[in-house]
Amino acid sequence: MSEETKLSHIDASNRASMVDVSGKSTTIRIATAEAQVRVNEAVAAQFDGTELVSKKGPVFQTAILAGVMGAKQTSSLIPLCHPLPLDSVKIDITFADRTATVRCTAKTTGKTGVEMEALTGASVAALTLYDMCKAVDPGITISQVRLLEKSGGKSDYQA
C-alpha cells in the first residue's frame, strides 16, 4: 500500500496515532467547509430578510458565535487533531428556500491544515440553528457537511 493510500492517523502497528508534523513547513493554511440546515415553513416565516428570530434570540448571530467557539475547540473534540492557533474563523449564513447554508472558513499559520476546524465550525453552527429552532420544527435536517476547499499544505483541494 502506498503512503498516499494509507490512513494518516494509523501507525505501522495499526494503532491510532497523532501525525508527527515536526518536519513540515510552516505555511498559511486555509479551509472552507459547509453545512445545510433545512427547516419547515413555520421557521422560514420568521426570517426577516437578514436574520431568523426566535424566542431564544437572533438565531444566525448566535450560530455564528457558536461556530467560532466550536472551531476553537476542535482538538478537544476530535482526539487526534493538533491544537492550532487559529488566525481567523469566519462563519457566513445565507438563507433561501427554507435552507440555511452555513459556511465556515478557518485560517492558521502552521504545520498542519485547518480542515477539521472548518468542518467543526460549520457543524456546531448548524447544530445551534437546530437547537434554537427545534421547538417550532423538531424535523429540521442537517445535511451535506463537507469540505469545500483547502490550501496551504502539501496538496490543495477544491470540491
Checklist entry - If you check every pair at least six apart or on different chains, which have Cβ atoms under 7 Å apart with a residue in the stretch 72-99 that is closer than 23 Å to ASN40 by Cβ first and a residue that is among the aliphatic types (A, V, I, L, M) and part of a loop (DSSP other than H, G, I, E, B) second? => result ARG98/VAL39
Checklist entry - Within the stretch 50-68, restricting attention to residues that are farther than 18 Å from GLN36 by Cα and in contact with a strand residue (DSSP E or B) (Cβ under 9 Å, 6 or more places away or on another chain), which residue is modelled with the highest pLDDT? => result PRO58
Item to check | Every residue from the stretch 39-65 that is within 19 Å of ALA122 (Cβ to Cβ) and touching a Gly at 6+ places or on another chain (Cβ under 9 Å) | outcome: VAL39
Checklist outcome for this item: Of the candidates ILE78, ILE91, the one satisfying the condition of being surrounded by fewer than 18 Cβ atoms within 10 Å (Cβ to Cβ), more than 15 Å from LEU52 (Cα to Cα) and among the β-branched types (Val, Ile, Thr) is ILE78
Item to check | Test: residue in the stretch 70-82 that is modelled with pLDDT under 95, farther than 14 Å from ALA35 by Cα and touching an Asp or Glu at 6+ places or on another chain (Cβ under 9 Å) | outcome: yes
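The values are calculated or read from the model by the stated rules, or taken from the named source; none is laboratory data. Quick caveat, the model's predicted, so the values are computed rather than measured. Positions of Cβ are generated from backbone atoms using ideal geometry, with glycine treated the same way; all protein chains shown enter the neighbour counts.
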